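Participant: One structure follows; several queries about it will come next.
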Protein chains: 4
Amino acid sequence: MSIARTEMPESSPYLLVDKQARAGRSTVNVGGVPIGPGTFTLIAGPCAVETPEQTLRAAEMARAGGAALLRGGAFKPRTSPYAFHGLGREGLLILSGVRAETGMPFVTEVLDTRDVDLVATHADMLQIGARNMQNFSLLRAAGSVGLPVLLKRGMSATIEEWLMAAEYVAQAGCTDIVLCERGIRTFETATRNTLDISAIPTVQRLSHLPVIVDPSHAGGRRDLVLPLGRAGAAVGADGMIIELHPQPEQALCDGKQALRPEDMPDLRALMEDVPLIAGRLAQTGPAGPAVSAVPTGVNGTP
Amino acid sequence: MSIARTEMPESSPYLLVDKQARAGRSTVNVGGVPIGPGTFTLIAGPCAVETPEQTLRAAEMARAGGAALLRGGAFKPRTSPYAFHGLGREGLLILSGVRAETGMPFVTEVLDTRDVDLVATHADMLQIGARNMQNFSLLRAAGSVGLPVLLKRGMSATIEEWLMAAEYVAQAGCTDIVLCERGIRTFETATRNTLDISAIPTVQRLSHLPVIVDPSHAGGRRDLVLPLGRAGAAVGADGMIIELHPQPEQALCDGKQALRPEDMPDLRALMEDVPLIAGRLAQTGPAGPAVSAVPTGVNGTP
Amino acid sequence: MSIARTEMPESSPYLLVDKQARAGRSTVNVGGVPIGPGTFTLIAGPCAVETPEQTLRAAEMARAGGAALLRGGAFKPRTSPYAFHGLGREGLLILSGVRAETGMPFVTEVLDTRDVDLVATHADMLQIGARNMQNFSLLRAAGSVGLPVLLKRGMSATIEEWLMAAEYVAQAGCTDIVLCERGIRTFETATRNTLDISAIPTVQRLSHLPVIVDPSHAGGRRDLVLPLGRAGAAVGADGMIIELHPQPEQALCDGKQALRPEDMPDLRALMEDVPLIAGRLAQTGPAGPAVSAVPTGVNGTP
Amino acid sequence: MSIARTEMPESSPYLLVDKQARAGRSTVNVGGVPIGPGTFTLIAGPCAVETPEQTLRAAEMARAGGAALLRGGAFKPRTSPYAFHGLGREGLLILSGVRAETGMPFVTEVLDTRDVDLVATHADMLQIGARNMQNFSLLRAAGSVGLPVLLKRGMSATIEEWLMAAEYVAQAGCTDIVLCERGIRTFETATRNTLDISAIPTVQRLSHLPVIVDPSHAGGRRDLVLPLGRAGAAVGADGMIIELHPQPEQALCDGKQALRPEDMPDLRALMEDVPLIAGRLAQTGPAGPAVSAVPTGVNGTP
């Protein structure tokens, strides 16, 4: 009886996602939309897919706000078994339909290895949520279906553990990984989580993977979404994922942190300001080419 | 298109595992071994099943130390994809064989919904690890196969979230749940985790479920296992799960925290001291009947 | 202009309090009461000195519970400037009077370098509170007046920082230092703080100083005081400091965590159980001589 | 014997620094330099004053980088008693001399109530460091000498505790308080602390006091100073305090996080970009008047 023990190399614990593995920083292509150096791609949409109408309206909001990609949960991880857990397959059909009508590629979360193929049939990008960052079976399954993966940081994961989780996905065959900082758990209770803004440049120093920021879950409050998103742009994030809803007060989850239709002009203004916010840092720093080269016709709105 | 939104009841977020749901505290039966008030059941074994010989010797050590149940990982969650991930099915066969020879029921971890049936075919109790505490699909799957479940606390999970995770298992059909405090993540780096010893009496106040302590993962150091286990007994824990190995220096995982053969007398002495350690607290406190009523012929040593 | 730069030695960051600095573990003498290996000294009393009557009754309670030393705050650090901050000098006079009547030496907190001499005139031991653990001026001042010092761990201090704080006191001339673990700040909100029970054996491995546990501040709840104190004894703490009050519901601070008169029998029972709780660990472990050698006539009650 | 118990008002725990206490957000004047809405004041200088030459060169660097105020430690809080603790009074004399020559007002830390008058004789603003945020005697003493106070957040202080600490200063007579977010302690070890960027807008919602960011201590790495400072500007901070040194490799403390002479152009560029970074947010948000109204002739460079 022999044991197939794979030795961890001495040099670096994460070989494939290490900065040294590539000549420069990587760009991940999601249904034709690039995420990587020189971009600040906005992913926006509702926490959960509820109805076709709500999803379509949310997509239109997202586009008006400057989003190139749609987000929306069909399978929802919830702390309580009695909460709304998403529409499942029906939610995926809705998202596919909205993509057909709007042309916006979408990212959606997968929670169970048994659902990976189904979700991959519909989605343009698979999301691994914070609670599943060390669900290693799911990481491997998601990494083996040929779609890009959005990997959220676990709420108490170190940056090294996060990159090791990405290495699981990479080792399974997929290096088209986008990392997402969504706030960590600390003693502070004034915000839902504590956005670890330093993680963005730290990850970009250690890995070639793009990294985006999620100000909606980090702050857990509508009024913090734009300021925290702005902070993300300021430190050189490669994009942002936010939640919005046509009627947040009627949302089936996380309505308090969802932007409203009337917030879209401010969101769009922020997106237009990104080259100024990231500015010189982006032009001279390790983030690569200038943000002013953002191909806004592609990953912003036309 | 209708949404099946299950409302969360106002009264308590965890209905089935709440203290109010039962007249007294529950006892969970694992292959004939009780875990609950009036017991201090020892679960011991290697981090990972490596060979039949190693597992058998570990089981003999465990028994000598006072254990009634064997633990051993066939599927191992590891931070790195390049680390040893366990023998899988082969490991389950070894555990079954060792049970046949020693008569010790065993608990082993399941990582993937697709493996639940396989693991359940062999094991006497399914373990959900800290990293999967909010892997809700896995909680439901584990809760529906008719075996008792050992639910470890997530490393940054609040006690409320932990009980909500237990509620998932309960709602899936299994209320034979044993909770396990295994240390939480804090700023302190002198220990692998910080054992939240207060969680034991806090959980016993909120829920009817038994709760045990894992001093091996909490401290991450061999010299802390017995002191922390003693602390667990002192606050009224219903048992303890520890790691041991016939040759820790050659262990394929976590050798630094594994007890050695020469530690078994001290472990057994601790087990014999439990009624004294828990003492009056157990006799008069909310933990129910006196610890001196521990049926040591069953869940202690013969 | 020259700079008197004192170099930190390579070998150990804390020279005087390091385990290597002494042949064995130290015993600190407080007004004739020893705290150190082979003891489990109980310090008890009210959060704040309110009146002579309240303090005298509290001292009698403390003695009935098994305490050898009295605690009581004359200078109280409070989060709010509008809260009760203690009686100051008047409180010290009350404590002196109660000592005269009961014979119990007392420990009390000092908050300001300008008050050190005044407090030292009255007290048998100076307490440095958690919020002042890195008030280096205060550490030095307290270390230079010839009294033993009780040094609480800062609420987010690492064990190394705590020992470095002790080194300040030692370098100022006082090595009669007793360390006190009183809970650290984590994300968990079910308890006021999280008692880091592992810190007790960890400190005893690194330093020769005695270390005690404060279950009152750690848990912040009356019902957790005895279980957590028991856990402290189980891991080999050299003593315990707790809060009690003749009428907790009328206490001017922290009434929720104060033991009541009716809790004294349970407290005393716990004190009597200490040799059993600490047991073999104490007899064979690094804690030195057996706990059964506790001179209960001296630091327990007669 | 009566107890002067001051009742805490029901309405708000911090009366004087509460947002409701003023019509708008406050501006604090430091030696003629405003800190408040419509500004982004840079405070820069060495960790510690070492020599007159070093301090003068640092002040010239600071000015070149766009700083209006000088910082420099004469009394240094250090984890180890064997580390360099600053030049004390001599350091204050050096700072006064450099101010005379450069015209830059300066802020410096005070550690001991006994030193408050001395430091106040020289400094334009008193700094209360993170370790002393709940040194209530020091807060009161600092608040009573008629100088503005820079109050750093404690490393594990909640925002509410931080505002309560400010209330101590205010109650002692000084409402010219500037709050400073300098990173909190979390489990992440890749950075010295975790900058809680959300704290900036959260504080501005709760209090009328200005709040600035300290990217040097937050990140603990030179390469993070400008990105994190940029993030501070992006969320609407009222300024920034950073460390620099003419020869960081020879600095007596914290050289790794000090900017070098060659970093000054990038620092100045960042300062010039601030109106763009803060942008619309500042113009329309709760931060008051547009950042483009920054009186750069006063609190920037001439």
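Participant: If I go through the stretch A:208-220 residue by residue, how many of them are more than 12 Å from chain D (Cβ to nearest Cβ) and among the hydrophobic types (A, V, I, L, M, F, W, C)?
Facilitator: 3
Participant: Can I ask one more? Just one of the numbered conditions (1) modelled with pLDDT of 95 or more; (2) at the interface with chain A (Cβ under 8 Å from one of its Cβ atoms) is not true of B:Ala83; which one?
Facilitator: Going through the list (1) modelled with pLDDT of 95 or more; (2) at the interface with chain A (Cβ under 8 Å from one of its Cβ atoms), B:Ala83 breaks only (1).
Participant: What number of residues within the stretch B:100-116 are under 18 Å from B:Pro246 (Cβ atoms) and in contact with a strand residue (DSSP E or B) (Cβ under 9 Å, 6 or more places away or on another chain)?
Facilitator: Residues meeting the conditions: 3.
Participant: Of the numbered conditions (1) closer than 14 Å to D:Gly219 by Cα; (2) touching a Lys or Arg at 6+ places or on another chain (Cβ under 8 Å), D:Asp263 satisfies every one except a single condition; which is it?
Facilitator: Answer for D:Asp263: the failing condition is (1).
Participant: So, B:Gly31, is that one touching a Pro at 6+ places or on another chain (Cβ under 8 Å), modelled with pLDDT of 95 or more and not polar (S, T, N, Q) or not?
Facilitator: It is true that B:Gly31 is touching a Pro at 6+ places or on another chain (Cβ under 8 Å), modelled with pLDDT of 95 or more and not polar (S, T, N, Q).
Participant: Quick test of your reading of the structure: B:Arg205 fulfils all but one of (1) crowded, with 24+ Cβ neighbours inside 10 Å; (2) at the interface with chain C (Cβ under 9 Å from one of its Cβ atoms). Name the failing condition by number.
Facilitator: Against the list (1) crowded, with 24+ Cβ neighbours inside 10 Å; (2) at the interface with chain C (Cβ under 9 Å from one of its Cβ atoms), B:Arg205 comes up short only on (1).
Participant: Something else about it: Within the stretch C:221-228, can one find any residue that is more than 8 Å from chain B (Cβ to nearest Cβ) and either touching a Pro at 6+ places or on another chain (Cβ under 7 Å) or surrounded by 24 or more Cβ atoms within 10 Å (Cβ to Cβ) (or both)?
Facilitator: yes
Participant: Yes or no: B:Val235 within 29 Å of C:Leu267 (Cβ to Cβ) and at pLDDT below 95?
Facilitator: no
Participant: Right, another one. Being in a helix (DSSP H, G or I) and either crowded, with 24+ Cβ neighbours inside 10 Å or within 14 Å of chain A (Cβ to nearest Cβ) (or both) is the filter here, so list the residues in the stretch D:239-258 that pass it.
Facilitator: D:Gln257, the sole residue that qualifies.
Participant: Hey, any hits in the stretch A:134-152 for a residue that's closer than 24 Å to A:Lys76 by Cβ, surrounded by fewer than 24 Cβ atoms within 10 Å (Cβ to Cβ), within 14 Å of chain B (Cβ to nearest Cβ) and within 17 Å of the chain's Cα centre (by Cα)?
Facilitator: Checked against the condition, which is being closer than 24 Å to A:Lys76 by Cβ, surrounded by fewer than 24 Cβ atoms within 10 Å (Cβ to Cβ), within 14 Å of chain B (Cβ to nearest Cβ) and within 17 Å of the chain's Cα centre (by Cα), the stretch A:134-152 yields no hits at all.
Participant: I've got another one for you. Say we look at the stretch C:171-201 and pick out the residues that are surrounded by fewer than 24 Cβ atoms within 10 Å (Cβ to Cβ) and within 20 Å of C:Arg22 (Cα to Cα); which of these is nearest to the chain's Cα centre (by Cα)?
Facilitator: The qualifying residue nearest to the chain's Cα centre (by Cα) is C:Asp176.
Participant: Criterion first (buried (at least 23 other Cβ atoms within 10 Å of the Cβ), facing chain D (nearest Cβ under 9 Å) and touching a residue at least 40 places away in the same chain (Cβ under 8 Å)) does C:Phe75 satisfy it?
Facilitator: Judged against the criteria, C:Phe75 is a match.
Participant: Tally the residues that are within 22 Å of B:Ser80 (Cα to Cα) and free of Cβ contacts under 8 Å to residues at least 12 places away in the same chain, restricting the search to the stretch A:92-150.
Facilitator: Count: 1.
Participant: Next question, about the same structure. Across the stretch A:30-71, which residue is surrounded by the most Cβ atoms within 10 Å (Cβ to Cβ) among those that are within 14 Å of chain B (Cβ to nearest Cβ) and within 14 Å of the chain's Cα centre (by Cα)?
Facilitator: By that ranking, first place goes to A:Pro46.
Participant: Shifting gears a bit: Here is a list of conditions, (1) in contact with a helix residue (DSSP H, G or I) (Cβ under 7 Å, 6 or more places away or on another chain); (2) outside any loop (DSSP other than H, G, I, E, B); (3) within 14 Å of chain B (Cβ to nearest Cβ); (4) not hydroxyl-bearing (Ser, Thr, Tyr), and A:Gly91 meets all of them except one; can you say which number that is?
Facilitator: In the conditions (1) in contact with a helix residue (DSSP H, G or I) (Cβ under 7 Å, 6 or more places away or on another chain); (2) outside any loop (DSSP other than H, G, I, E, B); (3) within 14 Å of chain B (Cβ to nearest Cβ); (4) not hydroxyl-bearing (Ser, Thr, Tyr), A:Gly91 misses (1) alone.
Participant: Return the residue satisfying two criteria in turn: it lies in the stretch C:153-168 and is outside any loop (DSSP other than H, G, I, E, B), at the interface with chain D (Cβ under 9 Å from one of its Cβ atoms) and without any contact (Cβ under 8 Å) to a residue 60 or more places away in the chain, and of such residues it is surrounded by the fewest Cβ atoms within 10 Å (Cβ to Cβ).
Facilitator: C:Glu161
Participant: Select from the stretch B:259-276 the residues that are out of contact with any Phe, Trp or Tyr (no Cβ under 8 Å at 6 or more places or on another chain), modelled with pLDDT of 95 or more and of a type outside the set (D, E, K, R) and write down the one among them that is surrounded by the fewest Cβ atoms within 10 Å (Cβ to Cβ).
Facilitator: The selected residue is B:Pro265.
Participant: Sort out which residues of the stretch C:169-198 are in contact (Cβ under 8 Å) with a residue 24 or more places away in the chain, of a type in the set (Gly, Ala, Ser) and either within 7 Å of another protein chain (Cβ to nearest Cβ) or within 18 Å of C:Arg131 (Cβ to Cβ) (or both), and write them in order of number.
Facilitator: Within the stretch C:169-198, C:Gly183, C:Ser198 meet the criteria.
The values are calculated or read from the model by the stated rules, or taken from the named source; none is laboratory data. Keep in mind the model is a prediction, meaning the values are calculated, not measured. Backbone-built Cβ (ideal geometry, glycine too); neighbour counts: all protein chains shown.
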